[in-house]
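The values are calculated or read from the model by the stated rules, or taken from the named source; none is laboratory data. Remember, predicted model here, so these are calculated numbers, not experimental data. Cβ: placed from backbone, ideal geometry, glycine included. Neighbour counts: every protein chain shown.
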Amino acid sequence: MKKVLSIVTIAAITAAFVACGPSKEEMEAKEKAKNDSIAAVEKAKQDSVAAAEAEAAKVAEATAARIADSTRVADSTAAAATAKGGKKK
């Protein structure tokens, strides 16, 4: 009988501990931490996209400058060849 009573008592105590969940404040703190984490990830993603767009803009500017330089050199070479009596294309 003592063993049965001990087992029932232990089961009741265990059930009481399992049934008691986190407090409202703990749940709110956990939810706030989760939302803060999500906000931090979103901000990092937006910063990453902005950095990639800025890098793409720099590459586009550099490419445009190289094309302009190449065109200018080709034009000056063609003008020099024409001035020396070369064939016109």
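Which numbered condition in (1) surrounded by fewer than 10 Cβ atoms within 10 Å (Cβ to Cβ); (2) part of a helix (DSSP H, G or I) is the only one that S70 fails?
Among (1) surrounded by fewer than 10 Cβ atoms within 10 Å (Cβ to Cβ); (2) part of a helix (DSSP H, G or I), the lone unmet condition for S70 is (1).
A12 is checked against (1) modelled with pLDDT under 85; (2) part of a helix (DSSP H, G or I) and fails just one. What number does that condition carry?
The one condition A12 does not meet is (1).
Taking E55 and the conditions (1) among the acidic types (D, E); (2) surrounded by 10 or more Cβ atoms within 10 Å (Cβ to Cβ); (3) at pLDDT below 95, which numbered condition does it fall short on, given that it satisfies the others?
The one condition E55 does not meet is (3).
Given the criterion over 20 Å from the mean Cα position of the chain (by Cα) and among the charged types (D, E, K, R), identify the matching residue among E42, E31.
Numbers: E42 fails: over 20 Å from the mean Cα position of the chain (by Cα).
Going through E42, E31 in turn, just one is over 20 Å from the mean Cα position of the chain (by Cα) and among the charged types (D, E, K, R): E31.
Quick check on my filter: what residues within the stretch 13-32 are surrounded by 10 or more Cβ atoms within 10 Å (Cβ to Cβ) and of a type in the set (A, V, I, L, M, F, W, C)? Break it down stepwise before answering.
At the first step, the residues of the stretch 13-32 found to be surrounded by 10 or more Cβ atoms within 10 Å (Cβ to Cβ) are 13-15, 22, 26-32.
The answer is I13, A15, M27, A29.
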